[in-house]
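The next block holds one structure in the form of structure tokens; read it before the comments.
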Amino acid sequence: MAKGLAQQQDHSSSRSDATCRVWYVLGSFDPVTKGHLNIINRAAGLYDEVVVAVFVNPAKHSLFTVDERAEMLGEVTMGCGNVRIERFHGRLV
């Protein structure tokens, strides 16, 4: 099961009324589980945008390619208009 990390980030412009609340859900999602979907769906109801970052872990033998995992996540989150699936290689700082 993939271990993920979720974090919140506010993107504010110079105007105080223009705040977009973004939530990041990070993990390998190999495979995608109901627990992952629960977190993503709950975040989608609470935040303006949810970014699901699908990581590549070269030290781990994956069941699915990163493209297959991203495609699966895209299909199961299709009903959430504020969820975006991104592929991520490297380190998140």
### Task
Of all residues in region 17-47, count the ones that are within 11 Å of the chain's Cα centre (by Cα), under 13 Å from Asn82 (Cβ atoms) and aliphatic (A, V, I, L, M).
5
### Query
Quick one: in region 45-62, which of the residues that are out of contact with any helix residue (DSSP H, G or I) (no Cβ under 9 Å at 6 or more places or on another chain), in contact (Cβ under 8 Å) with a residue 24 or more places away in the chain and in a loop (DSSP other than H, G, I, E, B) is nearest to Val25 (Cα to Cα)?
Tyr47
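Conditions tested, residue by residue: (1) among the polar types (S, T, N, Q); (2) buried (at least 16 other Cβ atoms within 10 Å of the Cβ); (3) within 24 Å of Arg21 (Cα to Cα).
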{"site": "Gly45", "(1), (2), (3)": "no, no, yes"}
{"site": "Val54", "(1), (2), (3)": "no, yes, yes"}
{"site": "His61", "(1), (2), (3)": "no, no, no"}
{"site": "Asp67", "(1), (2), (3)": "no, no, no"}
{"site": "Val83", "(1), (2), (3)": "no, yes, yes"}
### Query
Does region 68-79 contain at least one residue that is touching an Asp or Glu at 6+ places or on another chain (Cβ under 8 Å), in a strand (DSSP E or B) and at negative phi?
no
### Task
Could you please tell me which pairs satisfy a Cβ distance under 9 Å, a separation of 6+ or placement on different chains, a first residue in region 71-93 that is in contact (Cβ under 8 Å) with a residue 40 or more places away in the chain, and a second residue that is buried (at least 17 other Cβ atoms within 10 Å of the Cβ) and in a loop (DSSP other than H, G, I, E, B)?
Met72/Phe29; Met72/Val32; Leu73/Phe29; Leu73/Val32; Val76/Val32; Val83/Thr77
### Query
Within the group Gly90, Gly79, Gly35, Gly74, which residue is loosely packed, with under 12 Cβ neighbours inside 10 Å, modelled with pLDDT of 95 or more and not β-branched (Val, Ile, Thr)?
Gly35
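The values are calculated or read from the model by the stated rules, or taken from the named source; none is laboratory data. Worth saying up front: this structure is predicted, and the values here are computed from it rather than measured. Note that each Cβ is placed from the backbone with ideal geometry, even for glycine, and that neighbours are counted across all protein chains shown.
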